[in-house]
Amino acid sequence: MGVADKPKPLLKVTVFSDYICPFCYIGDARLERLREHYDLRVNWCLLEIHPDTPAESQPVSKLGYEDATWQQMMATLREMAELDGLKLRDQDFTTSSRSALLLAEATKRKATELFYKLHQRLFLSLFAEGENIGDREVLRRIAHEVGLSDTLTEDAWVNPDYAHFLRQYQLAAEELDVSATPTFFIGERNTRVDGAVPYQELLATAQASQPL
């Protein structure tokens with residue numbers, strides 16, 4: 001067996017993330033790069049970070065940031081996105097993530113093979129294309145585009161099981177004192193990494209967290 005054919009080592013990662021978090025968009029792209037080196041298995045814990053935000057969206061000013069602080073944050077995000085080759089439009093609105101999270105959770109459990117198509121499409125829809133992913137009509141279109149059945153899509157929003165799973169993730173976040181997204185727990189040692197850190201830091205953490 002040549003080096004190229006050698007199986008990649010298994011790497012388990014738990015991630016607390018939300019589709020309306022721009023740092024999660026960037027952190028997700030950096031996490032995906034670990035697949036170059038590892039058989040990556042991700043436990044997605046989907047958090048609703050702004051549960052009071054309406055689905056019809058609202059200006060980002062409603063989040064309570066000073067304008068200068070927000071502009072500096074966006075400048076940092078643009079630099080990070082450019083470094084990773086990601087398209088990132090200026091964020092002038094935010095929205096509720098609950099319906100998107102429920103849809104993702106249902107897909108993760110009932111149509112696993114389509115989860116990452118939906119997962120990546122949700123990030124791109126908001127941060128690259130400026131679509132309101134709080135709007136269920138937008139979500140229905142996205143679901144159709146990635147191949148989800150209408151039945152699964154509608155069930156995501158009425159089946160209480162999926163809301164229960166989101167609540168469990170919230171409780172886990174509280175127990176672990178997760179206060180930022182994304183938050184990663186990496187490898188056998190569950191090494192914690194807060195935020196969309198550089199890829200090399202994620203890789204170094206993965207390497208250090210593996211058993212000897």
Considering only residues that are in contact (Cβ under 8 Å) with a residue 60 or more places away in the chain and among the charged types (D, E, K, R), look in the stretch 126-149 and name the one that is nearest to THR53 (Cα to Cα).
-> ASP135
Which condition number in (1) modelled with pLDDT under 95; (2) over 14 Å from the mean Cα position of the chain (by Cα) is the one that ALA180 fails?
-> (2)
LEU176: passes all of (1) over 23 Å from LEU10 (Cα atoms); (2) touching a Phe, Trp or Tyr at 6+ places or on another chain (Cβ under 6 Å); (3) among the hydrophobic types (A, V, I, L, M, F, W, C) but (2)
Please specify each residue of the stretch 48-88 satisfying the condition of being in contact with a helix residue (DSSP H, G or I) (Cβ under 8 Å, 6 or more places away or on another chain), of a type outside the set (Phe, Trp, Tyr), outside any helix (DSSP H, G or I) and surrounded by 13 or more Cβ atoms within 10 Å (Cβ to Cβ).
-> GLU48, HIS50, THR53, ALA55, ASP84, LEU86, LEU88
Restricting to the stretch 94-132, what's the tally of residues that are surrounded by fewer than 20 Cβ atoms within 10 Å (Cβ to Cβ) and either at pLDDT below 95 or in a loop (DSSP other than H, G, I, E, B) (or both)?
-> 6
Taking the condition in contact with a strand residue (DSSP E or B) (Cβ under 8 Å, 6 or more places away or on another chain), in contact (Cβ under 8 Å) with a residue 40 or more places away in the chain, aliphatic (A, V, I, L, M) and within 22 Å of THR53 (Cβ to Cβ), does ALA104 pass?
-> yes
Single condition THR53 does not satisfy, out of (1) over 23 Å from ALA172 (Cα atoms); (2) in contact with a strand residue (DSSP E or B) (Cβ under 9 Å, 6 or more places away or on another chain); (3) hydroxyl-bearing (Ser, Thr, Tyr) | (1)
Can you tell me which of ALA100, ALA143 is more than 15 Å from the chain's Cα centre (by Cα) and of a type outside the set (Lys, Arg)?
-> ALA143
In the stretch 168-191, residues that are in contact with a helix residue (DSSP H, G or I) (Cβ under 9 Å, 6 or more places away or on another chain) and among the charged types (D, E, K, R) total 2
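Within the stretch 133-170, which residues are assigned to a loop (DSSP other than H, G, I, E, B) and buried (at least 18 other Cβ atoms within 10 Å of the Cβ)?
So the first thing to find is which residues in the stretch 133-170 are assigned to a loop (DSSP other than H, G, I, E, B), and the list is 133-135, 147-149, 159.
Matches in the stretch 133-170: ILE133, GLY134, LEU148.
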Among (1) free of Cβ contacts under 8 Å to residues at least 60 places away in the same chain; (2) touching a Lys or Arg at 6+ places or on another chain (Cβ under 6 Å), GLU201 falls short only on (2)
Please enumerate the residues belonging to the stretch 178-212 that are closer than 20 Å to ILE20 by Cα and surrounded by fewer than 12 Cβ atoms within 10 Å (Cβ to Cβ).
-> SER179
State all residues of the stretch 21-54 that are touching a residue at least 12 places away in the same chain (Cβ under 8 Å), more than 20 Å from ALA106 (Cα to Cα) and of a type in the set (Asp, Glu); if no residue qualifies, say none.
-> ASP39
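The values are calculated or read from the model by the stated rules, or taken from the named source; none is laboratory data. Remember, predicted model here, so these are calculated numbers, not experimental data. In this analysis, Cβ positions are derived from the backbone assuming ideal geometry, glycine residues included, and neighbour counts consider all displayed protein chains.
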